[in-house]
Structures are given as C-alpha cells and as structure tokens.
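Novice: Dropping the structure in here first, questions after.
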Amino acid sequence: MIRIAICDDCKTDAEYLQTLCFNSKYKNELTVSLFTKGSQLISDISETSFDIVFLAIKMKDSNGLDIGKKINNIAPQSI
C-alpha cells in the first residue's frame, strides 16, 4: 500500500489532488490522507509514516517549506 499525505489549507485543491491520485493506474494501491493545517500533519506524521507527502507552499497557518523541514526532523523516511 502506498501512503500519501496531502497538506493544503485550500480544501478544494487538496481534494482535486486526491482525485488525481485515485484516477491513476495505482488507485487500488493508495491510501490518501488529507490535512488542512501543517500542524495536523506534523502531529500525525509522528504516528504514521507516508511514502509521498504533497505540501502547499503558502498556507495560512504555516509554510510548506517549514513543514517539510519539520517532517524531515521527525520522520526522515517520509521525505
């Protein structure tokens, strides 16, 4: 199973990316988790590892680059 995390404060954009994932030839092998806040992803990633992480660069509560750095410190296998 391929585990994907999508973090974007624009729910429409996150759901669109999720739809693209599920329309791929790998749709039966995917698990996709949506996050609208970087802090949610950070708290979840310490318990769940992801194979692929999509981060929006500009979010209201955080910056995707900063979230990526935090993920790298907490769970380097996810980056």
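Residues checked against (1) small (G, A, S); (2) modelled with pLDDT under 90:
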| residue | (1), (2) |
| --- | --- |
| L30 | no, no |
| F35 | no, no |
| I42 | no, no |
| I45 | no, yes |
| A56 | yes, no |
| M59 | no, yes |
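Novice: Out of L17, L65, which single residue is among the aliphatic types (A, V, I, L, M) and at pLDDT 95 or above?
Specialist: Just one listed residue meets the conditions, L17.
Novice: Can you pull out the residues in the stretch 5-14 that are surrounded by 13 or more Cβ atoms within 10 Å (Cβ to Cβ) and either in contact with an Asp or Glu (Cβ under 7 Å, 6 or more places away or on another chain) or not aliphatic (A, V, I, L, M) (or both)?
Specialist: Within the stretch 5-14, C7, D8, D9, C10, D13, A14 meet the criteria.
Novice: I'm checking my understanding of the structure. Among residues of the stretch 15-40 that are more than 14 Å from K70 (Cβ to Cβ) and part of a loop (DSSP other than H, G, I, E, B), which one is least open to solvent (accessible area, probe 1.4 Å)?
Specialist: Here the residue is S24.
Novice: Of the conditions (1) open to solvent by 80 Å² or more (accessible area, probe 1.4 Å); (2) out of contact with any Lys or Arg (no Cβ under 9 Å at 6 or more places or on another chain), S43 satisfies every one except a single condition; which number is it?
Specialist: (1)
Novice: Would the stretch 63-79 turn up any residue that is part of a strand (DSSP E or B) and out of contact with any Phe, Trp or Tyr (no Cβ under 9 Å at 6 or more places or on another chain)?
Specialist: Yes, the stretch 63-79 contains at least one residue that is part of a strand (DSSP E or B) and out of contact with any Phe, Trp or Tyr (no Cβ under 9 Å at 6 or more places or on another chain).
Novice: Please enumerate the residues belonging to the stretch 50-78 that are in contact with a strand residue (DSSP E or B) (Cβ under 7 Å, 6 or more places away or on another chain) and farther than 17 Å from D9 by Cβ.
Specialist: Answer for the stretch 50-78, where residues must be in contact with a strand residue (DSSP E or B) (Cβ under 7 Å, 6 or more places away or on another chain) and farther than 17 Å from D9 by Cβ: F50, D51, I52, S78.
Novice: Right, here's the next one. Among the numbered criteria (1) among the hydrophobic types (A, V, I, L, M, F, W, C); (2) open to solvent by 90 Å² or more (accessible area, probe 1.4 Å); (3) modelled with pLDDT of 90 or more, which one does I79 miss?
Specialist: Among (1) among the hydrophobic types (A, V, I, L, M, F, W, C); (2) open to solvent by 90 Å² or more (accessible area, probe 1.4 Å); (3) modelled with pLDDT of 90 or more, the lone unmet condition for I79 is (3).
Novice: Check whether at least one residue in the stretch 57-72 is touching a residue at least 60 places away in the same chain (Cβ under 8 Å), among the β-branched types (V, I, T) and open to solvent by less than 80 Å² (accessible area, probe 1.4 Å), and report yes or no.
Specialist: So far as the stretch 57-72 goes, yes, one or more of its residues are touching a residue at least 60 places away in the same chain (Cβ under 8 Å), among the β-branched types (V, I, T) and open to solvent by less than 80 Å² (accessible area, probe 1.4 Å).
The values are calculated or read from the model by the stated rules, or taken from the named source; none is laboratory data. Everything numeric here is computed off the predicted structure, so don't read it as measured data. Please note: Cβ atoms are built from the backbone with ideal geometry, for glycine as well, and neighbour counts cover all protein chains shown. Remember, those area values only see protein heavy atoms, side chains included, never the ligands or the DNA or RNA. Shrake-Rupley method; radii C 1.70, N 1.55, O 1.52, S 1.80 Å.
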